[in-house]
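To start, the structure under review is shown below, and the notes come after it.
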Amino acid sequence: MFELVFLGTSASAPSIKRGLSSLVVKHGEHRFMIDCGEGTQRQILKSGIGFKRLNHILLTHGHLDHILGLAGLISTFMRWEAIEEINIYGSRHTMERVDDLINGVVLRGAQTPMPIRLLDIKPGLIIETEDFAVHAFQVEHRGSSSLGYRFEEFPRRPFLPEKAEALGIAPGPWRKDLVAGKAITLPDGRRIEPDQVLGEEKAGTCLVVVGDVGKPERLLEHIRGADALVIEATYLQEEAAMAQEFGHTTAGTVAELAKQAGVGQLILTHVSRRYSDDAILAEANGIFPNTKLAHDFDSYLIRHED
């Protein structure tokens, strides 16, 4: 299961109700910020999620409305020493702009109390934990070397407590070992294999997050079968030509993409002030009914449905 907390959902410039692009993905003790628009640190405080363990920042691309918040965030971390390290991920083009911002403007040769790593990544596996992996993939958006991110839990076999009870296995380390796939030996000499207390393998949850995108049809294979897709909806279909001109997409286009890819739910963000929420949802829901429109501080639990 992944949890999403939206910190900023506006396109290009903030509005009264929406901050600039940023969201946090949580999984257990792990936290990932995706994009860091201007004002993000204040949004973090208002959301109540705090700064703890917020040391992985994944950037979709280097346009200013997606990275300017890094300056204030890192400045705060330097003063508060609230975090042990900062890892910022993005394409080479993105990292060049971030390097200019952080080293050229914020630090200017100053020493930091924590390491700040600017990680130039390419499409493929970028992070792997015991429970899930994060892959980056290429996204087209005005020559910005943009990236999208696919968070995918590994398949697992659920623990069946009723079978453990029947075998006399008390809660505690024995059950933990069995869940981890290790055989155990009980005090009475019985050897218990994991197969005796584990169910059939089940697929994990899959979440895909995309920032700005000009050719969403090229994302089909990267988003196929995702339980949730987060993606921009900067324009409506009536202004599709303008969307194409500026390297963006429409609510109707991404709804059709979600339908073709068989995703579980579609969550729209990067919203323009030129449209009402009702108009955006009406266009998308007419094609893909399980569509939500994100607002600042919205939270979603993403689970795989069998």
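Condition check ((1) among the polar types (S, T, N, Q); (2) in contact with a Pro (Cβ under 8 Å, 6 or more places away or on another chain); (3) closer than 30 Å to Leu219 by Cα) across all residues:
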{"position": "Gln41", "(1), (2), (3)": "yes, no, no"}
{"position": "Leu58", "(1), (2), (3)": "no, no, yes"}
{"position": "Gly62", "(1), (2), (3)": "no, no, yes"}
{"position": "Glu85", "(1), (2), (3)": "no, yes, no"}
{"position": "Ala110", "(1), (2), (3)": "no, no, no"}
{"position": "Ile116", "(1), (2), (3)": "no, no, no"}
{"position": "Ile121", "(1), (2), (3)": "no, no, yes"}
{"position": "Glu140", "(1), (2), (3)": "no, no, yes"}
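I need the full set of residues from the range 268-286 which are more than 19 Å from Ala243 (Cα to Cα) and surrounded by 15 or more Cβ atoms within 10 Å (Cβ to Cβ), in order please.
Selection gives Asn285 alone.
List the pairs whose first member sits in the range 178-205 and is without any contact (Cβ under 8 Å) to a residue 40 or more places away in the chain, whose second member is in a helix (DSSP H, G or I) and charged (D, E, K, R), and whose Cβ atoms are under 6 Å apart, counting only residues at least 6 apart or on separate chains?
From the range 178-205, the pairs are Ile184/Asp177; Val197/Lys163.
Which one is nearest to Gly214 (Cα to Cα), of the residues in the range 135-156 that are among the charged types (D, E, K, R) and buried (at least 17 other Cβ atoms within 10 Å of the Cβ)? So that I can check it myself, show each step before the final result.
Narrowing the range 135-156 to residues among the charged types (D, E, K, R): 140, 142, 150, 152-153, 156.
Then keep just the ones that are buried (at least 17 other Cβ atoms within 10 Å of the Cβ); that gives 140, 150, 152-153.
On the way: Glu140: 6, Arg150: 18, Glu152: 24, Glu153: 28 Å.
Applying the filter and picking the extreme gives Glu140.
Here is a list of conditions, (1) closer than 30 Å to Asp131 by Cβ; (2) at pLDDT 95 or above; (3) in a loop (DSSP other than H, G, I, E, B); (4) over 21 Å from the mean Cα position of the chain (by Cα), and Ile287 meets all of them except one; can you say which number that is?
Ile287 satisfies every listed condition except (1).
Any residue in the range 28-36 that is over 17 Å from the mean Cα position of the chain (by Cα) and either free of Cβ contacts under 8 Å to residues at least 60 places away in the same chain or surrounded by 22 or more Cβ atoms within 10 Å (Cβ to Cβ) (or both)?
no
Checking Phe151 against (1) assigned by TED's automatic domain parsing to the domain that holds Leu64; (2) at pLDDT below 95; (3) within 28 Å of Arg31 (Cβ to Cβ): exactly one of these is not met. Which one?
Failing condition for Phe151: (2).
When you scan the range 49-78, how many residues do you find that are touching a residue at least 60 places away in the same chain (Cβ under 8 Å) and either out of contact with any strand residue (DSSP E or B) (no Cβ under 8 Å at 6 or more places or on another chain) or not assigned by TED's automatic domain parsing to the domain that holds Glu232 (or both)?
1
The values are calculated or read from the model by the stated rules, or taken from the named source; none is laboratory data. Since we're looking at a predicted model, the values are computed, not measured. Note that each Cβ is placed from the backbone with ideal geometry, even for glycine, and that neighbours are counted across all protein chains shown.
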